[in-house]
Amino acid sequence: RLLGRGSACINTGGEKVYPEEVELALRAHPDVFDAVVVGVPDTKWGEMVIALLQANDGQELDVDELRTHCRGSLAGYKVPKQMIVLDSLERSPAGKADYKRLREIAAGKVTTS
């Protein structure tokens, strides 16, 4: 029996990344209010792990600090390659994220290395 967002599993370089695990690590940071993790196509790795973040009121997010924070609890391949800070992730009244829209935002803002 599959629970959660199993279909949203990200395959990066042959490794499986479950978005919920990365989101929990990001939300554990005191400056992060909300986080959604998606995979976007990547020619080298298949998919790239991208985090869309919303800061707590009055906070600014330091992406380098967040990466260091994530490395404390996640394997290196699970740490988001890019982090996009938005004013709001605009969840539904039931608390659900619009993953299709957020994936489109991520794909439009990703820079390739």
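Listing for the model above:
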quantity: Distance between region 53-113 and region 12-39 - C-alpha centres, whole angstrom; calculated: 8
quantity: Helix-derived mean residue ellipticity, 222 nm - over the chain, DSSP H n ≥ 4, -39500 (n - 2.57), to 500; calculated: -7500 deg cm²/dmol
quantity: For Asp31, solvent-accessible area (1.4 Å; no DNA, RNA or ligand), Å²; calculated: 30
quantity: Built amide H within the under 5 Å cut-off of Gly46, gap 5+; calculated: Gly13
quantity: Positive-end residue, the chain charge dipole about Cα centroid, Cβ charges, pick of Ile84, Leu66, Tyr18; calculated: Tyr18
quantity: Residues of the chain: accessible area per residue with a 1.4 Å probe, Å²; calculated: 60
quantity: Selection of GluC sites (Glu not before Pro), region 50-113, meeting DSSP coil and at most 15 other Cβ within 10 Å; calculated: Glu60, Glu90
quantity: Whole-percent carbon and sulfur share, accessible surface of the chain, 1.4 Å; calculated: 50
quantity: GNM result for the chain, Cα springs below 10 Å: residue of Thr68, Thr43, Thr12 fluctuating most strongly; calculated: Thr43
quantity: Size of electric dipole in the chain: Cβ of Lys, Arg +1 and of Asp, Glu -1, about Cα centre, debye, nearest 20; calculated: 580
quantity: Heavy atoms of Tyr18: accessible area, 1.4 Å probe, square angstrom to 10; calculated: 110
quantity: Extent along principal axes [Cα atoms of region 1-93; Å; largest to smallest]; calculated: 38, 32, 23
quantity: Normalised alpha carbon radius of gyration of region 10-53 [divisor 2.2 N^0.38 Å]; calculated: 1.20
quantity: Most mobile listed residue (Ala94, Ala51, Ala28) in the chain, GNM with C-alpha springs under 10 Å; calculated: Ala94
quantity: Among beta bridges that DSSP assigns inside region 1-112, antiparallel share in %, nearest 5; calculated: 75
quantity: Average Cα contact separation per residue, the chain, under 8 Å, 6 or more apart, as relative contact order %; calculated: 24
quantity: Calculated SAXS-style log₁₀ I(q)/I(0) at q = 0.31 Å⁻¹ - region 63-113, Debye, Cα scatterers; calculated: -1.11
quantity: In Å², nearest 10: area of Ser88 left accessible to a 1.4 Å probe; calculated: 50
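The values are calculated or read from the model by the stated rules, or taken from the named source; none is laboratory data. Model, not experiment: these values are computed from the prediction. So basically every Cβ, Gly included, is an ideal-geometry build from the backbone, and we count neighbours across all protein chains shown. Quick note on the areas: whole protein, heavy atoms, side chains included, nothing else; ligands and nucleic acids left out. Shrake-Rupley method; radii C 1.70, N 1.55, O 1.52, S 1.80 Å.
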